[in-house]
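The structure appears below as structure tokens.
The values are calculated or read from the model by the stated rules, or taken from the named source; none is laboratory data. What you see is a predicted model; the values in this text were computed from it and never measured. Don't worry about glycine lacking a Cβ; one is built from the backbone with ideal geometry, like all the others, and counts go over all protein chains shown. Quick note on the areas: whole protein, heavy atoms, side chains included, nothing else; ligands and nucleic acids left out. Shrake-Rupley method; radii C 1.70, N 1.55, O 1.52, S 1.80 Å.
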Amino acid sequence: MTAVPNDAAIVRERIESPTGQSLRRFLADRFSAAAMGIVLLFVLLAVFAPFIAPHDPYETDLFRRLQPPAWMEGGEWSFVLGCDGLGRDILSRIIYGARVSITIGLAVVMIATVIGIVLGLAAGYLRGWVDIVISRIVDILLGFPYLIFAIALMAMMGPGLKNIILALVLKEWVVPARVVRGEVLAAREMEYVEAARAVGAPRRYIMFREILPNILSPVIVVSTIRMAHVIILEASLSFLGIGVQPPTASWGSMVADGRAFVLDAWWVSTFPGLAILALVLSINVASQGLRDAFDPKFSD
Amino acid sequence: MKPLALLGRTLQLVPVLLGVSVIVFVMMLLTPGDPVEIMLADQQATPQQVETMRHDMGLDRPALERFGVFLGNAATGNFGLSFFHRRPVFDVIAERLPATIELTLAALLLALVIAIPLGVIAAIKKNSLVDRLAAVGSLFGISLPGFWFGIILIILFAVHLKILPVAGRMDFACEVAPVTYLLTIDSLLRGRPDCFTNALSHLVLPALTLALPMAAVLTRVQRTAMIEVLRSDYITFAEAKGLSRRRILWRHALKNALVPTVTVAAIETGSLLGGNMVVETVFGWPGLGRLVVESIFVRNYPLVQAAVLFYAVTYVLLNFVADILYTVLNPRVKL
């Protein structure tokens with residue numbers, strides 16, 4: 001008897017969801033896939049920091065003050081990247097610092113994206129005064145350079161993790177909101193939306209169940225790119241001393257700590273900065289790959 | 001561009017500028033701590049004196065009225081007294097502004113000098129090694145945390161190689177009577193080449209730190225624009241006419257491919273203002289950015305408020321200029 005595949009198997013073989021196709025394209029791009037691997041590695045470091053870090057990131061030891069990295073004279077392999085001005089292990093602090101960067105990056109982008117989706121959908125689909133009000137607020141917020149807006153808010157609210165997230169979200173939601181509004185304006189004229197309207201689907205159903213799933217991929221791509229931006233902003237605020245407060249290990253404040261020792265201990269500033277660069281670069285490369293995979297019209 | 005369109009676009013600025021002022025004003029209202037108490041912190045003031053001062057500063061009046069006063073004052077450059085300096089905020093800011101302008105202009109110039117040739121070459125030799133290196137370089141450029149890169153440059157060029165100074169704007173030994181208040185230009189105008197090199201050597205590292213992320217963005221823009229232009233009919237026509245390749249590229253193509261670059265450069269100059277705070281802090285550059293950061297720590301809010309308003313207004317105006325530039329340079333676009 002010849003093996004005739006049943007209908008269901010044929011369907012499964014031929015039709016792959018657009019998301020599946022995009023994911024396949026993304027993974028085929030080795031460079032981007034590797035970058036995504038590095039990002040995931042940082043996430044694992046952050047989650048399992050207490051198990052991975054070789055030392056307590058807060059334990060000071062004045063005998064190890066400014067101890068150089070292992071490969072230099074006076075270094076030790078148990079303190080690979082050396083110690084800071086209070087004798088704390090730099091590697092352990094970098095591993096714990098990943099928690100701050102990733103928590104803030106994820107929290108800000110996720111909250112901002114949700115707000116942006118709701119307001120962007122409302123502005124783009126409902127139009128009228130809702131659109132006017134939201135678009136004006138967007139215009140006004142775009143009138144502030146990002147870092148200056150964040151610095152001004154932090155100056156008013158005072159430092160701290162929650163305040164950083166709040167200050168960045170207050171400005172960040174503008175980005176997804178604009179993207180969503182633009183996409184909705186295009187989508188609302190499409191036949192599937194008209195069809196839904198014709199059968200009398202309620203507005204909320206059309207916005208969130210019909211339009212939203214169809215415009216989600218550009219929004220997600222933009223959000224990943226924005227995460228790189230948010231991580232640098234948080235690090236800048238912490239560097240300036242108005243972000244995450246000591247003794248919490250954050251990459252930005254670690255770089256700031258090292259400024260006092262540029263003359264004789266270059267490693268204190270250098271390594272935390274390299275961690276920022278590695279994470280942000282990987283996010284940027286991965287998000288470029290995502291963009292090309294999900295939206296092939298962008299690649300040249 | 002038609003005058004009417006220009007007028008319309010200018011009128012659109014009004015609600016944005018008004019909105020920006022409202023936000024800055026509300027930020028100040030919500031600030032914890034009483035400005036009068038901050039000002040009188042180190043003096044033994046009786047409650048009566050505090051009350052009098054609060055009345056004198058208009059702090060006891062309703063918010064809407066205070067906003068009106070704030071707007072009127074802002075329009076005339078009156079931002080009150082800097083708590084810390086005990087001088088008008090306007091004077092303190094005006095004093096620090098030239099340093100920031102000099103740094104920003106230098107960074108802008110540097111970014112254009114890097115980005116335009118690199119973008120053009122990357123476009124001409126698409127997918128070549130240069131193109132790929134430029135792409136990787138751009139990725140690094142947008143991923144570099146400025147504050148860290150500045151410190152790395154200091155460690156390399158000032159501490160180890162000892163060829164450039166660590167911080168500051170010019171050595172004290174050099175004193176040039178001000179003309180433009182931009183030290184590099186002033187030392188040239190006053191015939192002091194020694195001071196010019198001194199000022200320049202201080203300027204190089206901070207300008208480079210500020211310029212690189214911008215150059216990264218501009219290179220990509222220049223590349224895309226050039227590729228687009230090279231595909232267009234008039235270039236094919238110029239080639240058919242038998243013009244030399246070099247003449248086509250640099251005279252015909254570049255002229256049009258510069259439009260997006262110039263526009264984006266104008267917008268990005270606005271973001272340089274934010275970068276300034278970080279870079280000026282790293283390099284001890286005596287500009288407005290560092291002043292704002294210092295003022296936050298001493299709770300010198302009138303100054304922070306005035307500076308934020310100044311930055312926002314500049315940013316909005318730069319975007320406006322970018323819009324206008326784009327239409328002027330590219331007559332096919334209508335506002």
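At 222 nm, what helix-only mean residue ellipticity would chain B give, in deg cm²/dmol to the nearest 500, using -39500 (n - 2.57) for each DSSP H run of four or more?
So the calculated ellipticity at 222 nm is -24000 deg cm²/dmol.
Taking the Cα centre of the protein assembly as shown as the origin and placing charges on Cβ (Lys, Arg +1; Asp, Glu -1), which of A:L106, B:P145, B:S271 is farthest toward the positive end of the dipole?
Farthest along the dipole direction, towards plus: B:S271.
Between A:I94, A:I211, A:I137, which gets the highest mean-square fluctuation from a Gaussian network model of chain A, Cα cutoff 10 Å?
Highest fluctuation of the listed residues: A:I137.
At 25 °C and 0.890 mPa s, grab the translational diffusion coefficient of chain A from Stokes-Einstein with a Kirkwood Rh over Cα pairs, rounded to a whole number in µm² per second.
112
Could you state how much accessible area is buried at the A-B interface, both sides summed, with a 1.4 Å probe, in Å² to the nearest 100?
Answer for the A-B pair: about 3700 Å² buried.
I'd like the projected area of the protein assembly as shown, averaged over all directions, using the convex hull of its alpha carbons. Report it in nm² with one decimal.
41.3
Going from most exposed to least, what order do B:H252, A:H229, B:H202, B:H160 have by accessible area with a 1.4 Å probe?
B:H160, A:H229, B:H252, B:H202
Could you pull out every one of the aspartates and glutamates with an alpha carbon less than 17 Å from that of B:K162, ignoring same-chain neighbours closer than 8 positions?
Leaving aside aspartates and glutamates fewer than 8 places away in the same chain, those within reach of B:K162 are A:D264, B:D171.
Which whole-number percent gives the relative contact order of the stretch A:96-222, counting Cα pairs below 8 Å spaced six or more residues apart?
Value for the stretch A:96-222: 35 percent.
Past the 29 Å Cα-Cα mark, which pairs from B:K2/B:K241; B:K2/B:K255; B:K126/B:K241; B:K125/B:K255?
Pairs exceeding 29 Å: B:K2/B:K241.
Where does chain B land on the Kirkwood hydrodynamic radius, alpha-carbon pairs, in angstrom?
Taking the inverse mean of 1/r over all distinct Cα pairs, chain B comes out at 23.0 Å.
Once you've got the GNM for chain B with C-alpha springs shorter than 10 Å, pick whichever of B:G242, B:G287, B:G274 has the biggest mean-square fluctuation.
For chain B, modelled as a Gaussian network with Cα springs under 10 Å, the answer is B:G242.
Taking accessible area as the heavy-atom solvent-accessible surface of the protein chains with a 1.4 Å probe, which residues of the stretch B:260-289 lose no less than 20 Å² upon going from the isolated chain to the full protein assembly?
So the qualifying set is B:G274, B:M277, B:V278, B:T281, B:V282.
Per DSSP helix of 4 or more residues, -39500 (n - 2.57); summed, then divided by the residues of chain A. What does that give at 222 nm, rounded to the nearest 500?
Counting only the DSSP helices, I get -22000 deg cm²/dmol.
Using only Cα atoms, locate the centre of the stretch B:52-67 and the centre of the stretch A:98-169, then give the distance between them in Å, rounded to an integer.
One Cα centre to the other: 31 Å.
Taking one equal scatterer on every alpha-carbon of the stretch A:183-300, how large is log10 of I(q)/I(0) by Debye at q = 0.10, 0.20, 0.23 1/Å?
-0.53, -1.01, -1.16
Averaged per residue, what accessible area in Å² does the stretch A:189-290 show with a 1.4 Å probe, protein chains only?
With all protein chains present, the stretch A:189-290 gives 40 Å² per residue.
Remind me, what semi-axes does the stretch A:75-188 give for its equivalent ellipsoid, largest first in whole Å, using sqrt of 5 times each Cα gyration tensor eigenvalue?
Equivalent ellipsoid semi-axes, largest first: 40, 16, 9 Å.
Taking springs between alpha-carbon atoms closer than 10 angstrom, which of B:E95, B:E228, B:E51 fluctuates most in the Gaussian network model of chain B?
B:E51
Over the stretch B:190-335, what is the mean sequence separation of C-alpha contacts under 8 Å (at least six apart), divided by residue count, expressed as relative contact order in percent?
Relative contact order for the stretch B:190-335 comes out at 23 percent.
Relative contact order (percent) for chain A, with alpha-carbon contacts under 8 angstrom and 6 or more residues of separation?
23
Which of the cysteines found in the protein assembly as shown have nothing to pair with, since no other Cys Cβ lies under 4.7 Å from theirs?
If one checks each Cβ against the other cysteines of the protein assembly as shown, A:C83 turn up with nothing under 4.7 Å.
Under a 5 Å amide H to amide H cut-off, with H placed in plane at 1.01 Å, what residues pair with B:L81 once short-range neighbours are removed?
Result for B:L81 returns B:V89.
Any chance you could check the stretch B:4-36 for residues losing 50 Å² or more of accessible area when the partner protein chains are in, compared with the chain on its own (1.4 Å probe)?
For the stretch B:4-36, once contacts with the other chains are taken into account, B:I23, B:M27 lose 50 Å² or more.
Over what distance in Å are the Cα centres of the stretch B:223-245 and the stretch A:71-90 separated?
Spelled out, the Cα-based centre of one part sits 58 Å from the other.
For the stretch A:16-58 and the stretch A:252-280, compute the distance between their C-alpha centroids and round to whole Å.
24
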